[in-house]
Structure formats: C-alpha cells, structure tokens
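This report concerns only the one structure given below.
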Amino acid sequence: MDLDESAKIDGAGSTKICFRIILPLSKPMAAVVAMNGFTGPLGDFVLSSTILRTPESYTLPVGLFNVVNDVMGASYTTFAAGALLISIPVAVIFIMLQKNFVSGLTAGGTKG
C-alpha cells in the first residue's frame, strides 16, 4: 500500500502502478511458482505410485523405481541415467529463472 500511495503522489495512474511497480516486484514470486510447478510432478512419487496402475501411465519417478525394484534385473546404471536425464530440464529451468530469484532478494521495495 505504501508503494501505491507514493506512486500516486508522484502522479502515476493505476495502469502505470501495476506495470511499473507491482509486476516487477511479483516476478520473483512468479519464478518460484513456475519452478515448483515444473519440478513438483517430477518428484511426486507417493501419489503417482498409489494412483497409477498400468505401466503405460507411469510417471518418470515411478518408472525408475520399477527399474530398480525389479528383483532379478535391478539395473542401477539405467536408473542413474534416467535420474540424470530428469535432472537436466530442472537444471535448465533453474538457470533460466535464477536471476529472478536473486533479484527478489535484492530488490525488495526500493525505489528506482
């Protein structure tokens, strides 16, 4: 509210306040939501393993668990390769959003 009031005193309208003050301050929040929305389904094992019953509908964590859980043919190298392939998109998304995480910590409510 203080930022809105100070912008109104400076002569900014509602649209300018939204696009120049509110949206830049909410970019770090949107970046965190995007990161959690992307990585959440990749790490969800408990719910996926409970709901999904056919091998065609398994998610990556459930499929990798079944590769390792096989009694006679536990293929740990296949599991490691699959885990590495899962981590690559997560690392790319994190690198793309990293500047938004850092700017959220440093920007705060400073006037610029």
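Under 37 °C and 0.692 mPa s, how fast does the stretch 18-82 diffuse according to Stokes-Einstein, given a Kirkwood radius computed over C-alpha pairs? Answer in µm²/s, whole number.
Estimated via Stokes-Einstein, D reaches 228 µm²/s.
Can you compute the helix-only [θ] at 222 nm over the chain? Use -39500 (n - 2.57) per DSSP H run of at least 4 residues, normalise by all residues, nearest 500 deg cm²/dmol.
-23000 deg cm²/dmol
Can you pull the percent of the chain's accessible area that's carbon plus sulfur, 1.4 Å probe, other chains left in place?
69
Report relative contact order for the chain in percent, whole number only (criteria: Cα-Cα under 8 Å, sequence separation at least 6).
So the answer I get is 33 percent.
In square nanometres, what is the average projected area of the Cα convex hull of the chain?
Value for the chain: 10.2 nm².
Any idea of the accessible area per residue across the chain, 1.4 Å probe, to the nearest Å²?
With the other protein chains kept in place, the chain gives 74 Å² per residue.
Full extension from Y76 to V46: what is 0.36 nm times the residue separation minus their Cα-Cα distance, to one decimal in nm?
8.7 nm
Can you compute 3J(HN,Hα) from phi for each residue in the stretch 79-84, using the Karplus curve 6.51 cos²θ - 1.76 cosθ + 1.60 with θ = phi - 60°, rounded to whole Hz and x for Gly and Pro?
4, 5, 5, x, 5, 5
Per-residue HN-Hα couplings for the stretch 62-71, Karplus 6.51 cos²θ - 1.76 cosθ + 1.60 at θ = phi - 60°, whole Hz, x for Gly and Pro?
Karplus-based 3J(HN,Hα) across the stretch 62-71 equals 5, x, 5, 4, 5, 5, 7, 6, 4, 5 Hz.
The values are calculated or read from the model by the stated rules, or taken from the named source; none is laboratory data. Note that this is a predicted model, so its numbers are computed, not measured. We work out accessible area using only protein heavy atoms, side chains counted, and drop any ligands, DNA or RNA first. Shrake-Rupley method; radii C 1.70, N 1.55, O 1.52, S 1.80 Å.
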